[in-house]
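Participant: One structure is given below, represented as structure tokens, and several questions about it will come after.
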Amino acid sequence: MHTKMTILLFASLLLLPSLLAAASVKAQLRGHVIVANSSDSAISVLTRDTSWVNTTPTAITLYPQRSIRLSDRQANAALDHAKPLVAEVKVRYNSSELVVMVSWKDRSYSIALEHRVATFGDQIALSLPLNYPKNGVVPHIGMGDSKHPVALYLQKAVKQKNPFQQTYLARGFGSLTQTKKLSAYMTMNYDKSFGGWRALFKLPLTGKLKTVLNSGLFPISFALWNGKQHERGGNKRISSWHFIYRPEREVNQRLVKKLSYGLATPILGDVKEGEKLVKTNCTFCHRIGPYLSTPEGVAPNLSGIGGVALPAYLKESIVTPDAIVVRNLHLNRHYQKGGERDAHGAYPHNMRYKWYRKGKKGVLHSNMPSYQAILTPEQLNSVVLYLQQQK
Ligand code: HEC
């Protein structure tokens, strides 16, 4: 009896440091941590297996991506009324693979018909950075950026013989390249009793994502499309970066420290002051909230930025615009009609819509000025607080 107690006590003491570490990571990155569960044996790919049913889910909120508009009136009208969506995520791993299961309610069950336009299937994608973000800078949430490529795993409900499953490398919206170098086993099934989809992604712990997936803490983000609402391409719901935590591994404290801004403790600032500062400093280029005097496309639309960007990212964007340079959208839709036509008869691009310039070795430099010397730290906090509320 006594020895049993001692063993129990000893075992719980051994567990204590990892429990404390988990609590600390969760507190520092509040609301953005998905704890992965380790397994000694093979992980079932059946989503109704008791091992999955007994795994604790993490709720993730996905927000409509408002910075990208398709040239489809119906889709854009639906986007204006799109609401956030909550998905459940479960993660398990063993020595050879990491499995992510995502469940989300979708009563409107939509499957694209092969060779038929204007039918849109429900879809899901996972995004993971290709390189471990050692310096604490995570890629742009819109499928990466020139300096931070991402891996994408996509599944779509399509009526055809083989399931629609694809893997891509991307450096921002419109830069997707299909690749066979990211192998994964995927399934996507409609669960009638649940009233929604359950998708599974089994990723090997080897290959291109080896370093990322074997780290103690690494970023992951999610995208969902509702086919019934004509969602496709950039018209979708996305989550901000979340972090998969593997308790038995070392955690990169630099990453945690940098990203804990605004998550560990609320930002001390004044939203009203932030709004005023944004109105006077930013709306010449950005559309945001009620401030829509600037034409769409001069700079990224910030109206939904609070739901999809981490506070640390917002701060970084304002202080160091060059750290992450968002891929220019639709520059070729904007011409300078007064300009001189080129050999093909095309007018030059309107440079007001250009977001960056190329420097030495092709490195991109943002056309947004840094506000480091313009805003005080308190003002910067207030601006981030205001941006955070734009969901
Ligand atoms: C001269 C035009 C201009 C001004 C003024 C400007 N920006 Fe920007 N901003 C841009 C451009 C262009 C980009 C896209 C390129 C990049 O990533 O830096 C951008 C990117 C951003 C991003 C990243 C958006 C995303 O989708 O990830 C944020 C956040 C941002 N700006 C906030 C601000 C805030 C806050 C202010 C005012 C304090 C401001 N900007 C002022 C032009 C501007």
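A short reminder: the numbers here are calculations on the coordinates, not readings from a lab. Owing to the predicted nature of the structure, the values given are computational and were not obtained by experimental measurement. No Cβ is skipped: glycine too gets one built from the backbone with ideal geometry, and neighbour counts run over all protein chains shown.
Participant: Using alpha carbons only, how many degrees (0 to 90, rounded to 10) separate the axis of helix 271-281 from the longest principal axis of the chain?
Facilitator: It works out to around 40 degrees.
Participant: What is the calculated FRET efficiency for ARG107 to ASN214, with r their C-beta to C-beta distance and R₀ = 22 Å, to the nearest 0.05?
Facilitator: Calculated value: 0.05.
Participant: Same structure, new question: Using the scaling law 2.2 N^0.38 Å as the reference, what is the normalised Cα Rg of the chain? Could you put the intermediate results ahead of the total?
Facilitator: Working: Rg = 22.5 Å, N = 391, 2.2 N^0.38 = 21.3 Å.
Relative to the rule-of-thumb radius for its length, the chain sits at 1.06.
Participant: Among the listed pairs LYS147/LYS258; LYS105/LYS272; LYS180/LYS358; LYS147/LYS228, which have their C-alpha atoms separated by more than 25 angstrom in this model?
Facilitator: The answer is LYS105/LYS272; LYS180/LYS358; LYS147/LYS228.
Participant: Another question, if that's okay. Given +1 on the Cβ of Lys and Arg, -1 on the Cβ of Asp and Glu, and no further charges, what dipole in debye does the chain carry about its Cα centre, rounded to the nearest 20?
Facilitator: Values: 51 positive and 23 negative charges, 142 e Å.
The dipole of the chain has a size of about 680 debye.
Participant: In whole angstrom, note down how far apart the Cα centers of the range 302-331 and the range 93-144 are.
Facilitator: Rounded to whole Å, the Cα centres lie 21 Å apart.
Participant: Among PRO57, TYR347, LEU205, pick out the residue whose Cα is farthest towards the positive end of the charge dipole of the chain, where Lys and Arg carry +1 and Asp and Glu carry -1 on C-beta, about the Cα centre.
Facilitator: TYR347
Participant: Taking the Cα-to-Cβ direction at VAL271 and at LYS360 and moving 7 Å from each Cα, how far apart do the two end points lie in nm?
Facilitator: 4.6 nm
Participant: Along the positive direction of the dipole of the chain (beta-carbon charges: Lys, Arg +1; Asp, Glu -1; about the Cα centre), which of SER239, SER96, PRO149 reaches farthest?
Facilitator: Positive-end residue among those listed: PRO149.
Participant: Looking at the range 187-257, which GluC sites (Glu not before Pro) are DSSP coil and have at most 11 other C-beta atoms within 10 Å of their C-beta? Spell out each step's value before the answer.
Facilitator: Working: sites: GLU231, GLU248, GLU250; in loops: GLU231, GLU248, GLU250.
When the GluC sites (Glu not before Pro) of the range 187-257 are filtered for loop state and at most 11 Cβ neighbours within 10 Å, GLU248, GLU250 remain.
Participant: Bin width 5 Å, alpha-carbon pairs only: give the P(r) of the range 271-388 as whole percents, running from 0 to the bin holding the largest distance.
Facilitator: 2, 11, 18, 22, 19, 12, 8, 5, 3, 1, 0
Participant: Right, next: How many angstrom lie between the Cα centre of the range 354-386 and the Cα centre of the range 205-227?
Facilitator: Taking the Cα centre of the range 205-227 as reference, the centre of the range 354-386 is 28 Å away.
Participant: Within the range 271-351, report the trypsin sites (Lys or Arg not before Pro) that DSSP leaves as loop and that have at most 13 other Cβ atoms within 10 Å. Each step should come with its number before you reach the end.
Facilitator: Working: sites: LYS272, LYS276, LYS279, ARG287, LYS315, ARG327, ARG333, LYS337, ARG341; in loops: ARG287, ARG327, LYS337, ARG341.
Answer by residue number: LYS337, ARG341.
Participant: Tell me which GluC sites (Glu not before Pro) from the range 289-357 have a DSSP coil assignment and no more than 11 other beta carbons within 10 Å of their own.
Facilitator: Here the sparse-neighbourhood loop sites are GLU340.
Participant: Starting from the Cα-Cα distance between VAL319 and LYS337, subtract it from 0.36 nm times their residue separation and give me the gain in nm to one decimal.
Facilitator: Between VAL319 and LYS337, full extension yields 3.0 nm more.
Participant: Just add up the charged neighbours of GLU273: K/R +1, D/E -1, any other residue whose Cβ is under 14 Å from the Cβ of GLU273.
Facilitator: 0
Participant: Then there is this: Would you mind pulling out the separation of the Cα centroids of the range 22-39 and the range 162-201, in Å?
Facilitator: A separation of 25 Å, based on Cα centres.
Participant: Arrange the peptides 260-266, 215-221 so that the one whose residues have, on average, the most other Cβ atoms within 10 Å appears first.
Facilitator: By packing density, highest mean first, the sequence is 215-221, 260-266.
Participant: How high is the FRET efficiency between SER24 and SER44 when r is their beta carbon distance and R₀ equals 41 Å, given to the nearest 0.05?
Facilitator: Plugging the Cβ-Cβ distance into 1/(1 + (r/R0)^6) gives 0.85.
Participant: Please report the antiparallel percentage of DSSP beta bridges with both residues in the chain, rounded to the nearest 5.
Facilitator: Within the chain, antiparallel bridges account for around 90 percent of the total.
Participant: Next up: Using 24 Å as the Cα-Cα cut-off, could you pick out the over-long pairs in LYS156/LYS315; LYS90/LYS210; LYS90/LYS159; LYS83/LYS354?
Facilitator: Correct reply: LYS156/LYS315; LYS90/LYS159; LYS83/LYS354.
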